[in-house]
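J.: Before anything else, here's the structure in question.
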Amino acid sequence: MITVAIDGPAGAGKSTAAKLLAERMNLVHLDTGAMYRAVGLKALRLGIDCFDRESIIEMMKTTVVDVVYSDGVQHVFIDGEDVTTLIRTQEVSKAASDVSTIPEVRIKLAAFQRKFAEKYDVVMDGREIGSYVLPNAEFKFFVTASVEERARRRLEELKSKGLAAENADAGRIIEEIRSRDKTDSEREFAPLKLVEDAMVLDTTYMSIDEVVDKMICRIKGELK
Ligand code: DC
């Protein structure tokens, strides 16, 4: 079984790199952020404060998160509903980051992710895949980029999906990304963390193809 862990802060290009790597190396890509987003969406819909641990624990008892692939595209389901296209808003980004501070949410989603890695050759991207979910992953990458570049990319993504106006400015997104970086890296349980055995890829001035080429070089080099 091949397991590849890609961690890093919001908007660094982890998911895009993971998706391309999966295509080129015939791996299954699991975007774990989508699972936290689905949980965040459910909390928002129910009007639950995402930091209210007791209420979120109660909610998680009856919550079923699932991932299904259709034509190679990952779809995330919550309680049987496909929410793939509803989870990319800024509001859900924040809710996902907030609920992810609650250990019980992480324990439940990590159990799903570990089982997934037992079944498939995977590349999983998230925040703590190499440090907590799959500490024995064969290949670990930490993908990062400057805050300004990450905000620029996020804005382009939102515009391409019609979720931000063409003339929207990056200022607010920079603030949101800074705040998400803080929540993700300062939470007590399984925070975003660079582990010693991860290869760091600063993608600020790299194209996505260069990033994936570097990953493949490392993987093939070590598989020989
Ligand atoms: O990768 P993303 O932006 O879709 O993730 C959304 C939020 O979910 C992120 O701010 C923190 C949380 N998350 C996490 O805590 N652990 C993961 N493995 C993936 C995401």
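Taken together, the values in this text are just the output of simple stated rules run on the coordinates, not laboratory data. Bear in mind that the values here come from a model prediction, so they are computed numbers and not experimental data. So basically every Cβ, Gly included, is an ideal-geometry build from the backbone, and we count neighbours across all protein chains shown.
J.: On a full-extension model of 0.36 nm per residue, what is the gain between Val73 and Asp49, subtracting their alpha-carbon distance, rounded to one decimal in nm?
T.: Stretched out fully, the Val73 to Asp49 stretch lengthens by 5.6 nm.
J.: Right, another one. Beyond 17 Å, how much of the Cα-Cα pair distribution for segment 1-95 remains, as a whole percent?
T.: 55 percent
J.: Counting only helical runs of four or more DSSP H residues, what would the 222 nm mean residue ellipticity of the chain come to if each run contributes -39,500 (n - 2.57) and the total is spread over all its residues?
T.: Value at 222 nm, helices only: -15500 deg cm²/dmol.
J.: Would you mind getting the Kirkwood hydrodynamic radius of segment 79-222 from its Cα pairs, rounded to one decimal in Å?
T.: About 17.0 Å, per the Kirkwood formula over Cα pairs.
J.: Normalising by the residue count of the chain, find the relative contact order in percent from Cα pairs under 8 Å and 6+ residues apart.
T.: Normalised by residue count, the contact order of the chain is 33 percent.
J.: Still on this structure, please answer the following. Considering the alpha-carbon set of segment 139-222 alone, what are its Rg and its Dmax in angstrom?
T.: Every Cα atom of segment 139-222 included, Rg and Dmax give 15.3, 46 Å.
J.: Among Ala95, Ala170, Ala38, whose mean-square fluctuation peaks in a Gaussian network model of the chain (Cα, cutoff 10 Å)?
T.: Maximum fluctuation in the GNM of the chain, among the listed residues, is at Ala170.
J.: Looking at segment 138-224, which GluC sites (Glu not before Pro) are DSSP coil and have at most 16 other C-beta atoms within 10 Å of their C-beta?
T.: Listed in order of number, the matching sites are Glu138, Glu166, Glu188, Glu196.
J.: Quick check on the chain: of the DSSP beta bridges with both residues there, what percent are antiparallel, nearest 5%?
T.: So the antiparallel bridges in the chain amount to around 30 percent.
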